[in-house]
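Okay, structure first, notes after.
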Amino acid sequence: MRLATLATPAGPRPALRSGDDYVDLLAADSSLPASLRGLLTAGSDALGAAKRAGEKGKKRTPAAEAKFLAPVPDPAKIICLGLNYRDHALESGAAIPNEPVLFSKYTTALTGHREPIVIPKVSSKVDYEAELVVVIGRRGRHIPVEKAMQYVAGYSVGHDVSARDWQFKGEPKQWMSGKTFDTFAPVGPELITADEVPDPHALPIRLKLNGEVMQDSTTKQLIFGVPEIIAYLSIIMTLEPGDVIFTGTPPGVGAARKPPVFMKPGDVAVVEIDSLGTLENSCVAEA
């Protein structure tokens, strides 16, 4: 299934992609949970009911007219990995990590497909980072690597926007401050359920800035794969349905280019992951 959360006059609504339209799941079956996170929490029976509701639902929004929120707009956690592609670690001048490098974003950073990325007044070095996003589907702690994929609800396309002048300000560096400005976590447009993604480690991933390809790689290059990430995180914290995990970015980021390339108002960033979709966001100046 391809699931989304749409902004509507009635508020955020979980929706299912059907052809070129999105079916309003609550209009089709009012007994369903009122959010995508609620659907994931309710488990496989609720997801099955959502699929049936989507097949018969009559309240539809054409994809071209949809106003997207992040697929899970209200996750309990947004967990991110840094330096998780070998070539990106090397281009950043960093050692290949022996354990995942972690930081967090917050829900105020989340935004959806076709929504603006706000360039802060206080930053002149806003960088782009294409990322595979994993969404957790089951609650778990101390999850064995061999069972970790059972905890994946699905995948989405993500953009880890980064204010490098804040991320690398001072000693020690403050990654979080550069990573979680408002709108710095676009995700979407859809959550593609895990059963439709046979191998998340074989997905071509690209980022285009104003039509020019800046990043072009594959998730085969992940240092820590999805099972290892989930198992490691679950040692530290309880993972819950709807938790969002950004898995790291491939090489080609703006800060590593000579001369550097940073995003500015008027730019358009497009992240593509084959079989998952295309996430597009324009950049605007902070008011």
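The values are calculated or read from the model by the stated rules, or taken from the named source; none is laboratory data. All of these numbers come straight from a predicted model, not from anything done at the bench. All Cβ positions, glycine included, derive from the backbone under ideal geometry; neighbour counts span all protein chains shown.
Quick rundown of the values:
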| quantity | calculated |
| --- | --- |
| Count of the stretch 128-152 residues which are buried (at least 24 other Cβ atoms within 10 Å of the Cβ) and either part of a strand (DSSP E or B) or among the basic types (Lys, Arg) (or both) | 7 |
| Subset of the stretch 193-220 (residues that are of a type in the set (Gly, Ala, Ser), touching a Phe, Trp or Tyr at 6+ places or on another chain (Cβ under 8 Å) and over 20 Å from Val244 (Cβ atoms)) | Ser217 |
| Close pairs from the stretch 259-279: first touching a residue at least 60 places away in the same chain (Cβ under 8 Å), partner among the aromatic types (Phe, Trp, Tyr) and outside any strand (DSSP E or B), Cβ under 7 Å, at least 6 apart | Met263/Tyr128; Ala269/Tyr128 |
| First in the stretch 185-210 and farther than 25 Å from Thr108 by Cα, second anywhere and in a loop (DSSP other than H, G, I, E, B), Cβ under 7 Å, 6 or more apart | Val197/Ser275; His201/Gly225; Leu203/Asp274; Leu203/Ser275; Leu203/Leu276; Pro204/Asp274; Ile205/Pro250; Asn210/Asp267 |
| Selection count, the stretch 171-208, where residues are modelled with pLDDT of 95 or more, more than 24 Å from Gly112 (Cβ to Cβ) and over 16 Å from the mean Cα position of the chain (by Cα) | 3 |
| Candidates Val213, Val271, Val261 - the one that is hydrophobic (A, V, I, L, M, F, W, C) and crowded, with 23+ Cβ neighbours inside 10 Å | Val271 |
| Residues satisfying the stated conditions in the stretch 61-97, i.e. in a strand (DSSP E or B) and modelled with pLDDT of 95 or more | Thr61, Pro62, Phe68, Ile78, Ile79, Cys80, Leu81 |
| Spans of strands (runs of 3 or more DSSP E) in the stretch 154-253 with at least 2 residues in contact with a Ser or Thr (Cβ under 8 Å, 6 or more places away or on another chain) | 191-193, 204-209 |
